[in-house]
1. Place a point 7 Å from Cα of L40 in the direction of its Cβ. Which residues in segment 2-34 have their backbone N less than 19 Å from it?
2. Summing -39500 (n - 2.57) over the DSSP H runs of n ≥ 4 in the chain and dividing by its residue number, what mean residue ellipticity at 222 nm do you reach, to the nearest 500 deg cm²/dmol?
3. Can you give the log10 of the normalised intensity I(q)/I(0) at q = 0.22, 0.27 Å⁻¹, computed with Debye over equal Cα scatterers of segment 25-71?
4. In Å², what does the accessible area per residue of the chain work out to with a 1.4 Å probe?
5. Given a 1.4 Å probe and every protein chain left where it sits, what share in percent of the accessible area of the chain is carbon and sulfur?
6. Aspartates and glutamates near K37 by alpha-carbon distance under 12 Å, same-chain residues fewer than 8 away left out - which ones?
7. Treat each spin label as a single point 7 Å out from the Cα along the C-beta direction, and report the D19 to E47 distance in nm.
8. What percent antiparallel are the DSSP beta bridges of the chain, to the nearest 5?
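The values are calculated or read from the model by the stated rules, or taken from the named source; none is laboratory data. Keep in mind that what you see is a predicted model, and the values were worked out from it rather than measured. We place every Cβ from the backbone using ideal geometry, glycine too, and count neighbours over all the protein chains shown. In case anyone asks, the SASA skips ligands and DNA or RNA and just uses the protein heavy atoms, side chains included. Shrake-Rupley method; radii C 1.70, N 1.55, O 1.52, S 1.80 Å.
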Amino acid sequence: MDIELARYFLPEGILEYFDIVNHKSALDKIHFYLEEKNILPKEYQTEIAKSKGFSPEITVEDFPLRGKTVLLQ
């Protein structure tokens, strides 16, 4: 799927902090697999930060798209 097209389906601003690494579509579901970018939000870039890794993987159910469940993982 084209990244520019996916912007219309995903929550606004999510691609600032995540990359789409895969997607799958079934009869009743669209599943986007996201990978968190290792960047600080703009408002915290002037502060000293220490990476403690990422949180465990979760799946979020977003608003349906044309009758299909949308899952963000």
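1. 16-18
2. -1000 deg cm²/dmol
3. The Cα Debye sum returns log10 ratios of -0.83, -1.01.
4. Details: 6270 Å² over 73 residues.
Here the per-residue accessible area is 86 Å².
5. Ligands and nucleic acids excluded, carbon and sulfur reach 52 percent.
6. E16, D19
7. Output for this residue pair reads 2.6 nm.
8. So the antiparallel bridges amount to about 75 percent of the total.
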